[in-house]
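To start, the structure under review is shown below, and the notes come after it.
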Amino acid sequence: MSDHHGDHHSGRDREPGRETGRAYDYDVIVVGSGFGGSVSALRLTEKGYRVGVLEAGRRFTRETLPKNSWDLRNYLWAPALGLYGIQRIHLMDKVMILAGAGVGGGSLNYANTLYVPPPAFFADRQWGHITDWQEELKPYYDQARRMLGVRLNPTVTPSDVHLKAAAGRMGVGDTFHLAPVGVFFGDGEDAGGEIKA
């Protein structure tokens, strides 16, 4: 039992490994280097903690990122098949989760899209009864929008034209819109987060 029973110390005030007599390299280990992990590591480091970040995937460069999804070795994460790419796919009972694998986590494959889910998502029967999620999460969506500079993508590609036409033929043409993104296009119209996406 510690002779400081009842004393409250932050992690940075305590001598690492004092309880076991071993010194540790880190005060905190963060698992994953994606959006949550990288911000957590930054904030903890700013507070004086020694932080280690563990990442399952590798570091990608502009040259090693897959050019398209046909480059399976660099696109999909399935180590049992010898694939060490950026995209993890988790199939569950009622949901499929896409996640990033590599230094940067989900930032490797989210395409800079910064959607706020529609009201129906927040009210879903699986979690809608817990709280008013739309109201609860609004300050954080607003903060992300400010920090990332969200704007509508000004680029219309041939694929967009075909997608809009297909939506029209299906009777849902009004649902087509350009994606809200966190990209600096340098055209004088870049946002500071005020554009509603």
Worksheet item: Can you name every residue in segment 98-123 that is under 16 Å from L76 (Cα atoms) and assigned to a helix (DSSP H, G or I)?
Response: G105, G106, S107, L108
Worksheet entry | Pairs with Cβ under 8 Å, 6+ apart, first in segment 145-157 and farther than 18 Å from G188 by Cβ, second exposed (fewer than 13 other Cβ atoms within 10 Å of the Cβ) and small (G, A, S) | R146/G192
Worksheet item: Does segment 160-178 hold any residues that are part of a helix (DSSP H, G or I) and either of a type in the set (A, V, I, L, M) or more than 23 Å from S107 (Cα to Cα) (or both), and which are they?
Response: V161, H162, L163, K164, A165, A166, A167, G168, R169, G173, D174, T175
Discussion item. Anything in segment 90-115 that is in contact with a strand residue (DSSP E or B) (Cβ under 9 Å, 6 or more places away or on another chain) and of a type outside the set (A, V, I, L, M, F, W, C)? List them, or say none.
Written reply: H90, G100, G102, G105, G106, S107, N109, Y110, N112, T113, Y115
Item to complete: Would you please name the residue that is nearest to the chain's Cα centre (by Cα), looking only at residues in segment 72-97 that are surrounded by 13 or more Cβ atoms within 10 Å (Cβ to Cβ) and in a loop (DSSP other than H, G, I, E, B)?
Response: I86
Worksheet item: Looking at segment 124-150, which of its residues are surrounded by 14 or more Cβ atoms within 10 Å (Cβ to Cβ) and either in a loop (DSSP other than H, G, I, E, B) or at pLDDT 90 or above (or both)?
Response: G128, W133, Q134, L137, Y141, G149, V150
Discussion item. If I ask for residues that are surrounded by 13 or more Cβ atoms within 10 Å (Cβ to Cβ), small (G, A, S) and not in a helix (DSSP H, G or I), which ones from segment 25-59 would you list?
Written reply: G32, S33, G34, G52, A56, G57
Response to the item:
Among (1) surrounded by 14 or more Cβ atoms within 10 Å (Cβ to Cβ); (2) on the phi > 0 side of the Ramachandran plot, G186 falls short only on (1)
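The values are calculated or read from the model by the stated rules, or taken from the named source; none is laboratory data. Everything quoted here is computed from the prediction, not taken from an experiment. Note that we place each Cβ from the backbone using ideal geometry, even for glycine, and neighbour counts take in every protein chain shown.
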